[in-house]
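One structure is given here, and the rest of the page talks about it.
The values are calculated or read from the model by the stated rules, or taken from the named source; none is laboratory data. Keep in mind that what you see is a predicted model, and the values were worked out from it rather than measured. Positions of Cβ are generated from backbone atoms using ideal geometry, with glycine treated the same way; all protein chains shown enter the neighbour counts. The accessibility values were calculated without ligands, DNA or RNA, using every heavy atom of the protein model including side chains. Shrake-Rupley method; radii C 1.70, N 1.55, O 1.52, S 1.80 Å.
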Amino acid sequence: MTGRSSSQETGDTMTGNPAAEDPGAGNRPPRGPRPGGPRDGSAARAAAPRTGRPGPLWAVPGLLYFAFFAALPMVLVAYLSLTSWGGLGTPRFIGMENWSRLVADPLMRQAVWLSLMLTALSWIVQTPISLLLGVWAAGRQRSRAVLSAVFFLPLLLSSAAIALIWKALLDPNFGPLAWLGPRLGLGSVDVLGGTNSAFLMIVFVSAWQFIPLHMLLYQGGARQIPPSLYQAAEIDGAGRLLAFWHITLPQLRHTITTSSVLMVVGSLTYFDTVLIMTGGGPGTSTTIVPFLMYRAGFESWELGYASTVAFTLVLVATVVSLLMVRFTGFGKMRSTREGM
Amino acid sequence: MRTPRLGSVAGATALCLLAATACSGGGGGDGDDRMHVWMYQDTLVVVQEGAVERFNAESETEAVIDEVPGDNYEERLRTAMGSSERPDVFFNWGGGSIEPYVEQDMLQPLDDMLADNPEFADSFIPSILEAGQVSGVQYGIPLRGTQPVILFYNETVFEEAGVEPPETWDDILGLVDTLQEEGVTPFALAGADPWTEQMWLQYLVDRIGGPEVFARIVEGDSEGWRDPAVLEAAQMVQELVDDGAFGDSYASVSYTEGAASALLSEGRAAMHLMGSWEYSTILDQDEEFARENLGYVEFPPIEGGEGDPDNVVGNPTNFFSVTAETDHMDAALEFLTYTSEEEYVADMVENGEVPTTTNAEEAVADSPSPDFATFQYEMVRDAPHFQLSWDQALPPEVATPMVTEIESLFNGQSTPEQFVDALAAL
């Protein structure tokens with residue numbers, strides 16, 4: 001399904017389109033000259049010197065902010081990663097010791113693997129669901145507004161609240177599962193106590209929490225697709241599936257990139273739910289990289305080593321998002337409306 | 001060595017950035033000339049508030065208590081100690097919890113003060129006072145009641161099953177089978193808080209090999225984990241787990257949220273190995289059960305074990321330490337002596353604590369639960385050795401991975417042999 005009305009009042013009258021299947025076709029913004037079109041562009045260029053173009057000076061506040069709150073801390077963390085420091089006294093410079101320890105640390109290796117798994121599984125679970133929900137929510141169905149509001153709810157809760165709610169729901173002795181388990185013949189169900197099940201629950205809860213956000217992105221993206229594309233497709237006899245495949249998906253490619261980068265970076269730095277729901281356990285089964293960083297820094301008080309883990313995370317997240325932007329062609333700024 | 005100046009600036013800034021609490025002030029040494037006493041925030045602080053009131057009435061220096069929320073007390077303290085906001089006197093657990101500060105010469109040795117006040121020094125149970133030492137130097141003065149680990153049991157469940165509380169290890173193994181046949185989980189266990197699992201190993205290692213085994217480890221010899229007593233204790237844990245002593249869904253049970261205690265008071269579990277605070281936790285949850293049907297015994301001896309069966313593990317008490325750079329050294333040392341005064345001890349008893357002073361014996365009779373208080377007091381008084389909880393005795397960079405290894409052992413994720421190897425590698 002395209003989930004998107006292909007009918008438009010003007011379109012119906014002009015073409016006698018049989019696709020008046022959607023009685024709720026709402027108001028569309030009136031068609032006007034498209035901003036950024038070639039003719040408008042030349043006019044804007046002529047007017048440019050008078051309105052004043054942004055000079056490099058305009059970037060100073062942003063740069064200062066970035067320097068103090070992003071660049072400087074990163075430099076300090078890079079320095080700390082070369083020291084041994086317990087939070088008291090002076091950090092002791094120890095060269096590359098933390099880094100060689102990091103490479104040899106089996107816990108770090110496991111954490112990297114778990115983080116990659118979490119990222120991959122999160123993307124695989126969240127992208128299709130939020131894409132379909134988003135495209136559906138962009139339509140004009142009657143149930144849409146109510147259901148969208150319901151789906152949207154998790155986004156309004158804080159991560160800590162979500163983690164606590166799910167922890168209580170999954171309690172093996174006093175939660176609903178404790179009641180349900182024996183009635184389904186499963187005996188006791190200790191979901192957060194099992195190695196794999198605890199990890200899958202983290203994937204599930206993060207999906208539950210973040211799908212609404214990505215649904216919102218896709219909804220916005222889908223609403224931007226010009227209806228004329230669907231009208232043209234309909235004239236050519238394309239069904240909903242084909243229209244979805246050949247119009248909706250390609251038109252959403254920038255949204256997919258945006259949403260994917262958010263998902264990937266978000267999963268790589270995911271932390272609060274793990275801390276509250278499983279505390280990295282059972283054992284170390286859910287100790288992903290950010291949690292390992294917390295554990296090293298604020299439980300073991302090895303802030304030097306924690307900085308090493310943190311800096312690795314910064315590097316990996318930066319490289320991954322750069323690669324994603326590059327390989328999806330997002331950076332080329334090619335419009336999805338080319339040729340229109 | 002790099003320029004230390006840059007280092008400390010980098011360090012302080014990074015810590016501020018890492019810990020939101022770091023630069024938010026919140027009462028500290030500078031800015032006013034009151035003496036700041038940091039307390040772990042709970043209902044028992046009224047005892048220390050009383051002491052501060054009496055102190056302020058007599059002293060020129062004004063003392064004030066800063067209550068720090070319990071959940072991240074240690075993080076807050078550590079951050080403050082690294083800044084200029086450090087307290088003058090602060091609550092701690094002794095042992096490894098203050099070792100990092102001792103290493104940085106941040107704490108005031110109290111040996112001279114005790115030598116000058118022999119009466120004050122003699123007012124504490126010796127094994128408890130000793131727990132306030134780091135490498136033989138006194139840094140802590142007991143300020144709270146004692147918290148030994150006790151085997152609690154549900155008397156109703158025991159009556160219904162027609163069994164008696166365990167007196168030997170064989171009794172325990174027998175109970176594990178009998179109680180399961182009755183459909184009851186033999187032991188409640190809060191596996192999501194692995195320090196509760198640690199209590200089992202602490203007792204087993206002490207009973208099998210005596211306190212010397214862990215003493216060697218505390219001194220920094222990680223090969224001490226290869227002592228046969230540790231392996232044997234781990235094997236006994238594995239046996240308990242395999243026999244279903246803890247049921248099959250304990251790995252995600254939490255203690256701090258009250259789940260394990262509720263299992264005991266609801267009769268779904270028969271026993272619970274826990275610190276003496278379990279009594280007040282259950283009193284809070286189900287007063288009638290706590291008063292009528294909550295039983296308690298010492299951890300049973302193990303046949304052939306070298307440890308004295310009267311040895312106790314747990315938290316001997318909490319301590320006050322004084323920071324070396326305080327502007328109120330004399331006042332701080334004077335304040336410490338208030339912890340053995342009669343009013344102070346009476347306040348502790350009234351709030352359900354079991355004081356660690358030698359004269360507390362008559363006082364505990366006035367406790368709101370005198371039987372339990374007397375049991376606890378005698379248990380601690382007669383103990384030749386009181387082993388501080390391992391995770392408090394060891395420095396945090398060892399304690400954190402150790403606790404994780406204990407969790408893995410109890411979850412069956414590692415064998416006793418792997419457990420020993422992993423600990424020896426720490």
Legend entry - Count of residues meeting criterion [within 22 Å of the chain's Cα centre (by Cα) and open to solvent by 30 Å² or more (accessible area, probe 1.4 Å)] in the range A:132-158: 13
Legend entry - Subset of the range B:110-140 that is over 20 Å from B:L388 (Cβ atoms) and either assigned to a loop (DSSP other than H, G, I, E, B) or at pLDDT below 90 (or both) - its residue that is least open to solvent (accessible area, probe 1.4 Å): B:S123
Inset, instruction - Restrict the check to the range A:274-285 and report whether at least one residue is at negative phi, within 14 Å of chain B (Cβ to nearest Cβ) and at pLDDT below 90. - result: yes
Inset, instruction - Answer yes if at least one residue in the range B:362-370 is more than 14 Å from chain A (Cβ to nearest Cβ), open to solvent by 30 Å² or more (accessible area, probe 1.4 Å) and within 25 Å of B:L114 (Cβ to Cβ), and no otherwise. - result: yes
Legend entry - Given (1) surrounded by fewer than 16 Cβ atoms within 10 Å (Cβ to Cβ); (2) within 14 Å of chain A (Cβ to nearest Cβ); (3) touching a helix residue (DSSP H, G or I) at 6+ places or on another chain (Cβ under 9 Å), index of the condition B:S408 fails: (1)
Inset, instruction - Would you check if there is a residue in the range B:294-316 being open to solvent by less than 50 Å² (accessible area, probe 1.4 Å), under 22 Å from the mean Cα position of the chain (by Cα) and within 30 Å of B:E85 (Cβ to Cβ)? - result: yes
Legend entry - Residue among A:W113, A:W85 that is aromatic (F, W, Y), open to solvent by less than 60 Å² (accessible area, probe 1.4 Å), closer than 23 Å to A:A296 by Cβ and at pLDDT 85 or above: A:W85
Legend entry - Test: residue in the range B:273-283 that is of a type in the set (A, V, I, L, M, F, W, C) and over 28 Å from B:L44 (Cβ atoms): no
Legend entry - Criterion violated by A:G237 - all others in (1) assigned to a helix (DSSP H, G or I); (2) over 29 Å from A:F152 (Cβ atoms) satisfied: (1)
Inset, instruction - For the range B:200-236, enumerate the residues that are surrounded by fewer than 22 Cβ atoms within 10 Å (Cβ to Cβ) and closer than 17 Å to B:S408 by Cα. - result: B:L231, B:E232, B:Q235, B:M236
Legend entry - the range B:175-198 residues that are of a type in the set (D, E), paired with ones that are surrounded by fewer than 20 Cβ atoms within 10 Å (Cβ to Cβ) (beta carbon under 8 Å, 6 or more apart): B:D177/B:D243; B:E182/B:E160; B:E182/B:A161; B:D193/B:S254; B:D193/B:T256
Inset, instruction - Determine which single condition A:M263 fails, assuming it passes every other condition in (1) at negative phi; (2) within 14 Å of chain B (Cβ to nearest Cβ). - result: (2)
Legend entry - Segments classed as helices (runs of 4 or more DSSP H), wholly inside the range B:212-266, with at least 2 members that are farther than 25 Å from B:L294 by Cβ and not assigned by TED's automatic domain parsing to the domain that holds B:I98: B:212-218, B:228-242
Inset, instruction - Kindly provide the set of residues from the range B:357-389 that are in a strand (DSSP E or B) and not hydrophobic (A, V, I, L, M, F, W, C), ordered by number. - result: B:T357, B:Q387
Inset, instruction - Scan the range B:160-175 for residues that are β-branched (V, I, T), assigned to a loop (DSSP other than H, G, I, E, B) and either under 27 Å from the mean Cα position of the chain (by Cα) or not assigned by TED's automatic domain parsing to the domain that holds B:H272 (or both) and jot them down. - result: B:T168
Legend entry - the range B:94-109, residues that are away from chain A (no Cβ under 14 Å) and buried (at least 23 other Cβ atoms within 10 Å of the Cβ): B:G94, B:G95
Inset, instruction - Being within 13 Å of B:V420 (Cβ to Cβ) and polar (S, T, N, Q) narrows it down to one of B:Q235, B:Q202, so name that one. - result: B:Q235
Legend entry - Residues within the range B:79-93 that are within 13 Å of another protein chain (Cβ to nearest Cβ) and at pLDDT 90 or above, tallied: 3
Inset, instruction - Would you point out which residue out of B:E181, B:E223 is farther than 30 Å from B:T400 by Cβ, modelled with pLDDT of 90 or more and over 16 Å from the mean Cα position of the chain (by Cα)? - result: B:E181
Inset, instruction - Keeping to the range B:383-405, report how many residues are more than 10 Å from chain A (Cβ to nearest Cβ) and more than 21 Å from B:F319 (Cα to Cα). - result: 1
Inset, instruction - Could you list all residues from the range A:135-193 that are more than 11 Å from chain B (Cβ to nearest Cβ), outside any loop (DSSP other than H, G, I, E, B) and of a type in the set (G, A, S)? - result: A:A137, A:A145, A:S148, A:A149, A:S159, A:A160, A:A161, A:A163
Legend entry - the range B:145-159 residues that are in a helix (DSSP H, G or I), paired with ones that are of a type in the set (V, I, T) and open to solvent by 10 Å² or more (accessible area, probe 1.4 Å) (beta carbon under 6 Å, 6 or more apart): B:V157/B:V184
Inset, instruction - Look through A:I225, A:I235 and report the one residue that is on the phi < 0 side of the Ramachandran plot, modelled with pLDDT under 95, out of contact with any Cys (no Cβ under 7 Å at 6 or more places or on another chain) and open to solvent by 40 Å² or more (accessible area, probe 1.4 Å). - result: A:I235
